Each structure stands twice: as structure tokens, then as C-alpha cells.
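Here is the structure we will look at, set down as C-alpha cells.
The values are calculated or read from the model by the stated rules, or taken from the named source; none is laboratory data. Just so it is clear, the structure is predicted and the values come from calculations on it, not from any experiment. No Cβ is skipped: glycine too gets one built from the backbone with ideal geometry, and neighbour counts run over all protein chains shown.
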Amino acid sequence: MQALKWIRYGAWAAVAILAFVSAAILIGWWQVDGPGRKQIEVAAFAAGSPFTLVNHKGETVTEATYLGKPTLVFFGFTHCPEVCPTTLFEISNQLGKLGPDADRLQVLFVTVDPERDTPAQMALYLQSFDSRIVGLSGTQAQVDAALSAYKAYAKRIPTDNGYTMDHTASVYLMDAKGRFKSMIDYHEDDAAALEKIRLLLNARG
């Protein structure tokens with residue numbers, strides 16, 4: 001009887017472990033050990049589907065334009081009071097810390113406010129940050145399609161002086177084949193963010 005009881009306990013434990021693993025697979029995340037940290041990867045999160053936009057030089061681009069190199073993608077707008085300039089400043093600093101490896105990386109700043117953020121406005125705004133950052137704009141329909149492709153959020157919020165934009169504040173990390181790999185959260189520790197970028201640059205497959 002005692003042996004039978006332990007067999008039942010073992011079976012229950014196996015079922016519980018299997019259920020947990022299955023749930024993790026369905027949710028699409030696992031943890032990868034890094035030097036002193038754990039990085040959350042979202043394997044099942046398919047972001048970065050086809051889009052057509054205009055860069056800050058006035059050139060039409062698509063998702064295919066940026067295949068071949070790992071890419072950071074950030075959604076924001078030039079009238080943003082805090083999140084956007086802070087994030088772009090941090091990315092600029094991270095590019096500097098990467099040294100020559102930064103040239104193996106692409107950075108896209110996609111506006112969520114195409115009404116005000118023309119290519120010319122994006123070009124003017126980006127003068128304050130690393131010159132390798134590319135600004136992307138387009139029609140409202142094109143921007144909405146890009147938001148949908150990346151499963152990003154943006155909402156127009158009325159204010160006394162007009163409007164502002166509420167939007168996703170994280171940075172998407174895409175591999176050289178345009179596949180989503182991870183995210184850098186707003187105000188994430190700089191060392192952790194830099195580690196994620198280095199992992200992205202050194203990833204294979």
C-alpha cells in the first residue's frame with residue numbers, strides 16, 4: 001500500500017510538471033541564463049509582419065529593407081515629453097558602448113503620430129540622437145498597419161492644448177531574419193538592456 005501511494009504521488013507530480021511545461025509553451029516564454037541575469041524570451045510572439053512606411057529621408061521602405069541585420073524597433077512620437085527622448089537617448093548611449101558592433105545593428109523609430117510627424121519633422125527631431133537611428137512615418141493607414149504588425153499599442157489622448165499619444169514604451173528586438181526575440185522595457189537597467197542587445201547581435205539561426 002505504501003509503495004502504491006508513492007507511485008500515485010509520482011504520477012500526480014509528473015502530470016503537474018507536464019501541465020506546467022505545456023502552459024509555458026502555449027504562453028511562449030522561457031528563461032535563458034545570462035551572466036548574472038535571466039532574460040525572458042517570447043518565442044511564440046510573432047511580431048514584425050509586413051509593413052510599408054517612409055523613412056526620414058523620404059524613401060519608401062518595407063520590412064524587407066531591414067532584413068540582414070538585427071534591429072531595434074521603438075514606437076513613439078516627436079512631441080513626446082519624456083518616454084521617447086529618454087529611450088532614444090538611452091539607445092544612443094548603448095550604440096556608443098557597443099563600439100564597432102553597433103554598425104551591425106539597425107534602429108528604427110516608428111512614429112505613432114503621422115499627422116504631425118512627417119519625414120522632415122522626424123529628420124529634424126533625430127538630429128538630437130545617434131545618426132544611425134532611422135525615423136519611419138507614413139499615412140495613418142500605414143502606421144496603423146505597422147502597429148498591428150508589431151502588436152503595439154497607440155491611442156490619441158485629447159489635452160487642453162490639442163492632443164498627446166499614449167503608446168507602447170518598450171523596444172522590440174528583432175533578429176536578422178525579422179523574427180521577434182525579446183523586448184527592452186522602459187527604464188530597464190542599462191546593463192541588462194545592453195546584455196540583451198549583445199545577445200541579439202551574437203544570436204545564430
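For this structure, a couple of remarks:
- For residue 80, the test of being of a type outside the set (S, T, N, Q), buried (at least 19 other Cβ atoms within 10 Å of the Cβ) and assigned to a helix (DSSP H, G or I) is failed.
- When the test is whether a residue is in the same structural domain as residue 187 (by TED's automatic domain parsing), more than 24 Å from residue 50 (Cα to Cα) and touching a residue at least 12 places away in the same chain (Cβ under 8 Å), residue 149 does not pass it.
- Selection of first residues in the stretch 115-133 that are in the same structural domain as residue 156 (by TED's automatic domain parsing) and of second residues that are among the acidic types (Asp, Glu) and surrounded by fewer than 20 Cβ atoms within 10 Å (Cβ to Cβ), restricted to Cβ pairs under 8 Å at least 6 apart or on distinct chains, gives the following pairs, ordered by first then second residue: 132/103.
- Here 201, 173 are screened, and the one residue that is modelled with pLDDT of 95 or more, surrounded by fewer than 19 Cβ atoms within 10 Å (Cβ to Cβ), of a type outside the set (Val, Ile, Thr) and farther than 22 Å from residue 123 by Cα is 201.
- Filter result for residue 112 (touching a residue at least 60 places away in the same chain (Cβ under 8 Å) and among the hydrophobic types (A, V, I, L, M, F, W, C)): no
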